[in-house]
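Each remark here refers to the structure printed beneath this line.
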Amino acid sequence: MLNILELFSGIGITNQMATFIAWDKVTGKPLHNAIEWSDARTHDEVEAALDRIPNRNKDHFRNRTGLPISTAFWYTKVPWLIKNNSGVRQALEEKRLCVGSVETWLLWVVDAMITDTGFSLHELVVDGGMTDNELVMQIQADFLGIPIVCPTLKETTAFGAALMAGAAAGIDIFKLNNTKEEVLVNYERKAETFNPKMTPEGN
């Protein structure tokens, strides 16, 4: 019997913390399309909230939350989704509703895979501007209990998007550089690895 996990050498996880997914914790299936930060369908809810704030000051809670009152964040979108989607509302009533960022849902799915198959992650390769923050990288390693690997090319996601855009436009990006091998070697080189320092007991 073919083990589907044998077909994979790695799993890419996107870090979109301002985008969230509502899913069924029993089936693992999303209950709605992902909603991203630029979705402004909660404009009316934000306006109603501002009506209850002195001087309609959108920064009223900034000193406590660090954030303005805006359609960009979850605090208006989750209630809006529950109100406007019967499937999400039913899942909440039946205590089956989970809500989280994209990487939260993907890690939840991976955890289910580990439980069902015994497959486990050996390391997590990350990219993006946050990789400059060594404290955050170490916290991730400690929290997940696996090495966190940062590549030399921090914006590897953007690099991949550029490759696909170039290919779609008929441009072979490797012809713009020395050799394919040199490009891939620079892409794959590991800049730094953060190993777990905490024990499972939190010491």
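Remarks
- Search result, residues across region 144-158 that are in a loop (DSSP other than H, G, I, E, B) and among the hydroxyl-bearing types (Ser, Thr, Tyr): Thr152
- Taking region 51-69 as the range and being exposed (fewer than 15 other Cβ atoms within 10 Å of the Cβ) and modelled with pLDDT of 90 or more as the test, the residues that pass are Asp51, Arg52, Ile53, Pro54, Asn55, Arg56, Asn57, Asp59.
- Close Cβ contacts (under 9 Å, 6 or more residues apart or on different chains) running from residues in region 125-143 that are in contact (Cβ under 8 Å) with a residue 24 or more places away in the chain and over 12 Å from Glu155 (Cα atoms) to residues that are outside any loop (DSSP other than H, G, I, E, B) and among the acidic types (Asp, Glu) comprise Glu134/Glu192; Met137/Glu192.
- Residues being touching a residue at least 12 places away in the same chain (Cβ under 8 Å) and among the aliphatic types (A, V, I, L, M) - total across region 144-166: 5
- Meets criteria (assigned to a loop (DSSP other than H, G, I, E, B), of a type outside the set (D, E, K, R) and under 30 Å from Thr156 (Cβ atoms)) for Trp108: no
Conditions tested, residue by residue: (1) exposed (fewer than 13 other Cβ atoms within 10 Å of the Cβ); (2) closer than 24 Å to Met130 by Cα; (3) at pLDDT 60 or above.
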{"site": "Gly160", "(1), (2), (3)": "no, yes, yes"}
{"site": "Ala169", "(1), (2), (3)": "yes, no, yes"}
{"site": "Asp172", "(1), (2), (3)": "yes, no, yes"}
{"site": "Lys175", "(1), (2), (3)": "yes, no, no"}
{"site": "Lys180", "(1), (2), (3)": "yes, no, no"}
{"site": "Leu184", "(1), (2), (3)": "yes, yes, no"}
{"site": "Tyr187", "(1), (2), (3)": "no, yes, no"}
{"site": "Ala191", "(1), (2), (3)": "yes, yes, yes"}
{"site": "Lys197", "(1), (2), (3)": "yes, yes, yes"}
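- Among the residues making up region 135-156, a single one is of a type in the set (Ser, Thr, Tyr) and either surrounded by 14 or more Cβ atoms within 10 Å (Cβ to Cβ) or modelled with pLDDT of 80 or more (or both): Thr156.
Let's see how each residue does on (1) small (Gly, Ala, Ser); (2) assigned to a helix (DSSP H, G or I); (3) closer than 25 Å to Trp37 by Cβ:
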residue: Thr115; (1), (2), (3): no, yes, no
residue: Asp127; (1), (2), (3): no, no, yes
residue: Leu135; (1), (2), (3): no, yes, yes
residue: Asp142; (1), (2), (3): no, yes, no
residue: Leu163; (1), (2), (3): no, yes, no
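- Restricting region 112-134 to residues that are within 27 Å of Tyr75 (Cα to Cα) and loosely packed, with under 13 Cβ neighbours inside 10 Å, the residue that is modelled with the lowest pLDDT: Gly129
- Within region 85-111, tally of residues that are within 12 Å of His32 (Cβ to Cβ) and surrounded by fewer than 12 Cβ atoms within 10 Å (Cβ to Cβ): 1
- Residue within region 35-42 that is in contact (Cβ under 8 Å) with a residue 24 or more places away in the chain, surrounded by 14 or more Cβ atoms within 10 Å (Cβ to Cβ) and not in a loop (DSSP other than H, G, I, E, B) present: yes
The values are calculated or read from the model by the stated rules, or taken from the named source; none is laboratory data. Bear in mind that the values here come from a model prediction, so they are computed numbers and not experimental data. Note: ideal-geometry Cβ built from the backbone for every residue, glycine included; neighbour counts use all protein chains shown.
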